[in-house]
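Structure first, commentary second.
The values are calculated or read from the model by the stated rules, or taken from the named source; none is laboratory data. Only a predicted model underlies this, so the values are computations on that prediction, with no experimental measurement involved. Cβ placement follows ideal geometry from the backbone for every residue including glycine, while neighbour counts extend to all protein chains displayed.
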């Protein structure tokens, strides 16, 4: 994790993990904040106290020379985060997100439950989320998987995708998204908001998995799953998720296309870290480190892209494409930058599969090339 600043005490760059750790939504928000005035250093120890948290970490500083002058790269590790608030207070965040409307009549019919039972299981899901707040913050992956499966089955894609993002992050990186998770729970509503328009006209969950089933069968499955959640409360070592395809550890495919990137062939890529280093006036070693960070992030975002594709969530695909394109462009990885820009602005769902395959083929070549450089 790293960030950089100049002699004027202005933050000039930062990686995504640092931005998220300090609970900012973008680099611009971080750059225009008063964060630098709050950071303290003592004997290679970094510390900052914010309203909601105090962060301590081991730090190392490197001087970097560029055409714009001297700046300083700060690398952080052994990070510890302490909360400064006793309880979760999401009220200040609520206005940042729109209400999440659940058409209970439609959803209940699609998954084969009565409206009353759907409401019962929704209440149980929310109650369990509140119970599990501490374990979510502690990074308990079993809890994340279980809540994700419940959100998936209850057909709440906004919540499910957020939980999948949380699952891919380290404990200290999860805190902003866990806050967002509880904020979005507050925003769930069964009352149709005024002026509400459904963003996706087609069914987002077309598959055999969600073909209407007998109500008693789904009732049994929900009851078993919730019972397993209660058992886990007293014994974290027990497996939560039943041996059932509906609640398997692997993310279910929710589209008849069954898009997978597991066997994508490598596509040629012409990338030279030294060329990028020369253009950016940075040491090639630093560029290679940044590329490694990009590769790790792209690996984490692979499942997010596929999940968004299966749920036909173009907004999330565009957001992920924008984020990855920005990183690839900054590092001068031109083939990936170009194809990610196409993904970012693609409004035709039918074209996404070929774009994903092309993107992943170039990515695999980059990953292989960087591995060979290290070897």
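Observations
- Look at (1) farther than 19 Å from residue 20 by Cα; (2) crowded, with 21+ Cβ neighbours inside 10 Å; (3) free of Cβ contacts under 8 Å to residues at least 24 places away in the same chain and you find that residue 375 fails only one, number (2).
- The residue that is surrounded by the most Cβ atoms within 10 Å (Cβ to Cβ), counting only those in segment 117-134 that are over 17 Å from residue 100 (Cα atoms) and within 20 Å of the chain's Cα centre (by Cα), is 132.
- Near pairs, Cβ below 7 angstrom, 6+ apart or cross-chain, from segment 133-146 (closer than 16 Å to residue 159 by Cα) to any residue that is in a loop (DSSP other than H, G, I, E, B) and at pLDDT 80 or above: 143/132
- Of all residues assigned to segment 160-178, at least one qualifies as being surrounded by fewer than 21 Cβ atoms within 10 Å (Cβ to Cβ), touching a strand residue (DSSP E or B) at 6+ places or on another chain (Cβ under 6 Å) and assigned to a helix (DSSP H, G or I).
- Residue in segment 269-290 that is assigned to a loop (DSSP other than H, G, I, E, B) and free of Cβ contacts under 8 Å to residues at least 12 places away in the same chain present: yes
- Residue match in segment 341-364 (condition: under 16 Å from residue 288 (Cα atoms), buried (at least 20 other Cβ atoms within 10 Å of the Cβ) and either in the same structural domain as residue 14 (by TED's automatic domain parsing) or in contact with a helix residue (DSSP H, G or I) (Cβ under 7 Å, 6 or more places away or on another chain) (or both)): yes
- The strands (runs of 3 or more DSSP E) falling completely within segment 41-96 that include 3 or more residues that are within 15 Å of residue 2 (Cβ to Cβ), at pLDDT 70 or above and in contact with a strand residue (DSSP E or B) (Cβ under 9 Å, 6 or more places away or on another chain) map to 53-66, 69-83.
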